[in-house]
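Enquirer: Have a look at this one before I ask anything.
The values are calculated or read from the model by the stated rules, or taken from the named source; none is laboratory data. In this text, all values refer to a predicted model and were calculated from it rather than measured experimentally. Note: ideal-geometry Cβ built from the backbone for every residue, glycine included; neighbour counts use all protein chains shown. Protein only, heavy atoms only, side chains kept; ligands, DNA and RNA dropped before computing areas. Shrake-Rupley method; radii C 1.70, N 1.55, O 1.52, S 1.80 Å.
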Amino acid sequence: MPNGDFHREPAGAETEFDSVAAGQAILNLVRPQVWRAPLIIASPHSGQHYPPDFLASTGLTREELRLSEDCYVDELVAAAPGHGVPLLAALFPRSFCDVNREPLELDPAMFSDRLPAGANTASPRVAAGLGVVPRLGANDREIYRRKLAFAEAEARLAGYYRPYHAALNALCNEAVAAFGACLILDCHSMPSVGGTADHRYAATGLGSGSGRVDYVLGDCFGASCAPAITSAVDAFLRAGGANMRRNSPYSGGYVTQHYGRPATGIHVLQLEINRALYVNERSLERSAGFAMVQATMSGLIAMLSDKVAELLKT
């Protein structure tokens with residue numbers, strides 16, 4: 001990897017990308033003044049901008065829909081540009097369009113017309129109601145009061161999904177051109193105890209003793225990033241007293257599986273943060289632990305900024 005810094009836009013410069021379909025900001029990309037390390041921080045599920053047409057089509061309240069958010073994860077990792085690496089966050093909610101799914105991972109029962117021949121209608125995520133256009137919100141609540149036309153899903157793919165992945169792909173290309181390789185730290189939060197849609201996590205809720213799981217690292221069982229990276233993140237969080245788990249119940253979603261190609265220089269590690277560490281899971285109010293988790297994330301990003309170039313060589 002070449003030495004030296006990668007100069008981009010002024011420190012903290014924010015770029016909001018407009019959706020052609022909706023005429024509103026859909027992404028927020030915050031770049032550092034100097035891109036110092038082959039690292040990209042992403043928060044695909046923390047968006048809170050709910051399109052009015054979406055709210056009009058659902059039988060759930062905005063408050064009920066918000067329970068599906070990885071709420072405030074973008075704020076937890078907001079220190080990234082200050083450590084010399086970019087932060088990409090989706091501003092739209094995952095209950096509207098989930099960018100951590102295949103582009104045509106769709107449930108045919110949700111639609112009034114036929115889906116394209118290439119649609120993946122049989123994935124476990126579709127079966128759980130959690131496709132690229134989810135059928136279920138938190139607590140297994142049906143989102144829609146009616147069937148959708150496929151044209152509605154395609155509009156979301158064109159106006160939200162594809163711009164997010166275009167931005168992420170462009171960042172990867174920039175980083176590989178500048179540094180020779182890169183790591184995407186794909187940041188999420190997980191419920192402390194899940195409903196049916198999150199049933200794999202139900203036995204690992206935050207509590208006392210050995211049953212507590214604070215963070216889950218997903219690297220597709222070693223396929224999506226260098227093992228040294230996963231081990232370094234695991235060791236850093238354990239050193240702060242966290243209880244850790246790898247690849248169970250979350251081994252990595254579409255971003256991890258699709259972008260994580262170490263042979264091409266792109267590594268992806270998915271990070272899941274137990275929501276009960278930093279938020280009241282019912283009211284979504286920030287708890288007393290928010291500042292501590294935010295400081296932990298800042299420290300983790302700082303550590304990776306310092307060490308990721310060497311870790312990528314292993």
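Enquirer: Scan region 124-157 for residues that are surrounded by fewer than 18 Cβ atoms within 10 Å (Cβ to Cβ) and at positive phi and jot them down.
Expert: Passing the criteria: Asn139, Asp140.
Enquirer: So is Ala295 over 26 Å from Arg101 (Cα atoms), in contact (Cβ under 8 Å) with a residue 40 or more places away in the chain, out of contact with any His (no Cβ under 9 Å at 6 or more places or on another chain) and surrounded by fewer than 17 Cβ atoms within 10 Å (Cβ to Cβ) or not? Explain how you work it out, then say what you get.
Expert: Numbers: over 26 Å from Arg101 (Cα atoms): yes; in contact (Cβ under 8 Å) with a residue 40 or more places away in the chain: no; out of contact with any His (no Cβ under 9 Å at 6 or more places or on another chain): yes; surrounded by fewer than 17 Cβ atoms within 10 Å (Cβ to Cβ): yes.
The answer is no for Ala295.
Enquirer: I'm trying to understand the selection: among the residues of region 109-118, which are open to solvent by 20 Å² or more (accessible area, probe 1.4 Å) and either in a loop (DSSP other than H, G, I, E, B) or touching a helix residue (DSSP H, G or I) at 6+ places or on another chain (Cβ under 9 Å) (or both)? Write out each step before concluding.
Expert: Of region 109-118, the ones open to solvent by 20 Å² or more (accessible area, probe 1.4 Å) are 109, 112-118.
Of everything in region 109-118, those that are open to solvent by 20 Å² or more (accessible area, probe 1.4 Å) and either in a loop (DSSP other than H, G, I, E, B) or touching a helix residue (DSSP H, G or I) at 6+ places or on another chain (Cβ under 9 Å) (or both) turn out to be Ser112, Asp113, Arg114, Leu115, Pro116, Ala117, Gly118.
Enquirer: Among the residues of region 126-165, count how many are free of Cβ contacts under 8 Å to residues at least 60 places away in the same chain and under 25 Å from Pro191 (Cα atoms).
Expert: 7
Enquirer: Follow-up. If I filter region 53-67 for residues that are of a type in the set (D, E, K, R), within 30 Å of Leu300 (Cα to Cα) and in contact with a Ser or Thr (Cβ under 9 Å, 6 or more places away or on another chain), do I get at least one hit?
Expert: First, pick out the residues of region 53-67 that are of a type in the set (D, E, K, R): 53, 62-64, 66.
Now drop any that are not within 30 Å of Leu300 (Cα to Cα), which leaves 66.
Next cut, in contact with a Ser or Thr (Cβ under 9 Å, 6 or more places away or on another chain) only: 66.
Yes, some residue in region 53-67 is of a type in the set (D, E, K, R), within 30 Å of Leu300 (Cα to Cα) and in contact with a Ser or Thr (Cβ under 9 Å, 6 or more places away or on another chain).
Enquirer: Taking Met292 as meeting all but one of (1) in a helix (DSSP H, G or I); (2) farther than 17 Å from Ala78 by Cα, write down the number of the exception.
Expert: Going through the list (1) in a helix (DSSP H, G or I); (2) farther than 17 Å from Ala78 by Cα, Met292 breaks only (2).
Enquirer: Give the residue that is surrounded by the most Cβ atoms within 10 Å (Cβ to Cβ), with candidates limited to residues of region 235-268 that are in a strand (DSSP E or B) and of a type outside the set (A, V, I, L, M, F, W, C).
Expert: Pass one, region 235-268, residues in a strand (DSSP E or B): 244-246, 261, 266-268.
From what's left, of a type outside the set (A, V, I, L, M, F, W, C): 245-246, 261, 267.
Working: Arg245: 16, Arg246: 17, Arg261: 15, His267: 26.
Within region 235-268, the match that is surrounded by the most Cβ atoms within 10 Å (Cβ to Cβ) is His267.
Enquirer: Related question: Please go through region 193-233 and give me each residue that is at pLDDT below 95, in a loop (DSSP other than H, G, I, E, B) and either touching a Phe, Trp or Tyr at 6+ places or on another chain (Cβ under 8 Å) or among the acidic types (Asp, Glu) (or both), ordered by number. Even if it seems obvious, please write down each step before you answer.
Expert: To start, the set of residues in region 193-233 that are at pLDDT below 95 comprises 193-212.
Going one step further and asking which of them are in a loop (DSSP other than H, G, I, E, B), we end up with 193-195, 205-208, 212.
Of everything in region 193-233, those that are at pLDDT below 95, in a loop (DSSP other than H, G, I, E, B) and either touching a Phe, Trp or Tyr at 6+ places or on another chain (Cβ under 8 Å) or among the acidic types (Asp, Glu) (or both) turn out to be Val193, Gly194.
Enquirer: Test Leu130 against the criterion of being over 19 Å from Ile26 (Cβ atoms), part of a loop (DSSP other than H, G, I, E, B), in contact with a strand residue (DSSP E or B) (Cβ under 7 Å, 6 or more places away or on another chain) and modelled with pLDDT of 95 or more, and give yes or no. Don't jump to the end; show me each part of the working.
Expert: Numbers: over 19 Å from Ile26 (Cβ atoms): yes; part of a loop (DSSP other than H, G, I, E, B): yes; in contact with a strand residue (DSSP E or B) (Cβ under 7 Å, 6 or more places away or on another chain): yes; modelled with pLDDT of 95 or more: yes.
Against the criterion (over 19 Å from Ile26 (Cβ atoms), part of a loop (DSSP other than H, G, I, E, B), in contact with a strand residue (DSSP E or B) (Cβ under 7 Å, 6 or more places away or on another chain) and modelled with pLDDT of 95 or more), Leu130 qualifies.
Enquirer: Another question, if that's okay. Keeping to region 276-289, report how many residues are open to solvent by 20 Å² or more (accessible area, probe 1.4 Å) and not polar (S, T, N, Q).
Expert: Filtering region 276-289 for residues open to solvent by 20 Å² or more (accessible area, probe 1.4 Å) gives 276-277, 280-283, 285-288.
Filter once more, so that each one left must be not polar (S, T, N, Q): 276-277, 281-282, 285-286, 288.
Residues meeting the conditions: 7.
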